[in-house]
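See below for the structure under consideration.
The values are calculated or read from the model by the stated rules, or taken from the named source; none is laboratory data. Not measured: the values here are computed from a predicted model. Cβ atoms come from the backbone with ideal geometry, glycine included; neighbour counts cover every protein chain shown.
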Amino acid sequence: MSVVLEGRNITQDYHIGGGLFGASKTVQALKGVSFSVEKGKTLAIVGESGSGKSTLARIIALIDAPSGGDLLIEGQPVNIALKRPDPVLRSKVQMVFQNPYGSLNPRQKIGSVLMEPLVINRPAIAAEERRALAEAMLVRVGLGPEHFNRFPHMFSGGQRQRIAIARALMLNPSLLVLDEPVSALDLSVQAQVLNLLADLQEEFGLTYVFVSHDLSVVRYIADDVMVISQGLAVEQGKREAVFANPTDAYTRQLFAATPVTDVEAIRARVAKRQAAREAAGAPR
Ligand code: ADP
Ligand code: MG
């Protein structure tokens, strides 16, 4: 199995305050975390609010440079001293945020949202082909070409998250970093988006880093789990092992405090409903 992502002793310090009169303060958001993820697998990063999950996600997605440590993508070291990493490396990693509405321009039509990464990174692709690729991706995420000229406000939360996922896939990345991608959605919609992510992972051989505070979601989607607390990885391992036998006191506390809803049951219900709908819509 090939390793797509590796982090070695990643640290992140935020310097706040300071200025002429204020006392400056350093927040050690990450105190040295290491991890690796194999191709086609999902690493879930779990922890309570403020533990450093988004900080790590932004570093892995090459949005922020860390204060220290090494990051390797497909075995290639990312030069963390560079403000703008190599564009080829950059296009291999895409990020999906919790609130797609925040990252979608309300005045930009969906077709243009999807084509934009191609316009910027693949200028050699002709306009018609660009459009065809965007339409095909809309279909792939469960929307349709008829959505091409619509604006973000015309979609539901779940549909907007599908659009964000579609946009993230336009450059054929190998790694998706998803920061609480279903946390703002209703439970049944969560299950649908999680199923879509699972299908896309299989179809494109994608590797996921999936940030969540929701253990039922993690139990459903993760291959490997890393629990972080105050900028440190307090637990790391295969999903089954971490769930069956949490070794760290913090993890046990986290698991005890979180009601684990049965995502498998929700998933089965959604699949059944979809099958019924398809059967009704497509008589043989
Ligand atoms: P999580 O995503 O797990 O809720 P974050 O990574 O957002 O946690 O934050 C980790 C810590 O770093 C918190 O103490 C937070 O206040 C701090 N932090 C995050 N971003 C910044 C920033 N841009 N400037 C200063 N401090 C920050
Ligand atoms: Mg966060």
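Cβ contacts < 9 Å: first residue on the phi < 0 side of the Ramachandran plot and free of Cβ contacts under 8 Å to residues at least 24 places away in the same chain, restricted to region 126-153; second residue among the acidic types (Asp, Glu) and surrounded by 19 or more Cβ atoms within 10 Å (Cβ to Cβ), any location; separation 6+ or different chain. Result? Matching pairs, first to second residue: Gly144/Glu135; Pro145/Glu135. Checked against (1) within 16 Å of ligand 1 (Cβ to nearest atom); (2) surrounded by 18 or more Cβ atoms within 10 Å (Cβ to Cβ), Asn99 meets all criteria but (2). Identify, from the list Ile60, Ile45, the residue that is touching a helix residue (DSSP H, G or I) at 6+ places or on another chain (Cβ under 7 Å), within 16 Å of ligand 2 (Cβ to nearest atom) and not polar (S, T, N, Q). It is Ile45.
Take region 3-54 and flag every residue that is touching a Gly at 6+ places or on another chain (Cβ under 8 Å) and of a type in the set (Ser, Thr, Tyr). Scanning region 3-54 gives Thr11, Ser24, Ser34, Ser36, Ser51.
Taking helices (runs of 4 or more DSSP H) as the structural unit, those lying wholly within region 86-195 and holding at least 2 residues that are among the hydroxyl-bearing types (Ser, Thr, Tyr) and either in contact with a His (Cβ under 9 Å, 6 or more places away or on another chain) or at pLDDT below 95 (or both) correspond to 100-103. Evaluated against (1) touching a Gly at 6+ places or on another chain (Cβ under 8 Å); (2) closer than 28 Å to Asp64 by Cα; (3) of a type in the set (A, V, I, L, M), Val96 falls short on exactly one condition, (1).
If you go through region 42-76 and keep only what is part of a loop (DSSP other than H, G, I, E, B) and either more than 10 Å from ligand 1 (Cβ to nearest atom) or surrounded by 21 or more Cβ atoms within 10 Å (Cβ to Cβ) (or both), you end up with Gly47, Ser51, Gly52, Ala61, Leu62, Ile63, Ala65, Pro66, Ser67, Glu74, Gly75. If you filter region 1-41 down to residues that are among the basic types (Lys, Arg) and in a loop (DSSP other than H, G, I, E, B), you find that the one that is nearest to Leu89 (Cα to Cα) is Lys39.
Here region 236-260 is the region considered, the condition is being closer than 12 Å to Val218 by Cβ and outside any helix (DSSP H, G or I), and the residue that is modelled with the lowest pLDDT is Val260. Within the set Val33, Val3, Val78, Val93, the sole residue that is touching a residue at least 12 places away in the same chain (Cβ under 8 Å) and either of a type in the set (Lys, Arg) or within 16 Å of ligand 2 (Cβ to nearest atom) (or both) turns out to be Val33. For the residues Ser188, Ser183, Ser216, Ser174, the requirement of being among the polar types (S, T, N, Q) and within 16 Å of ligand 2 (Cβ to nearest atom) singles out Ser183. For region 11-30, filtered to residues that are hydrophobic (A, V, I, L, M, F, W, C) and within 16 Å of ligand 2 (Cβ to nearest atom), the residue that is surrounded by the most Cβ atoms within 10 Å (Cβ to Cβ) is Leu30. Consider region 168-199 and keep the residues that are surrounded by 23 or more Cβ atoms within 10 Å (Cβ to Cβ) and within 16 Å of ligand 1 (Cβ to nearest atom). The one that is nearest to Ser2 (Cα to Cα) is Val177.
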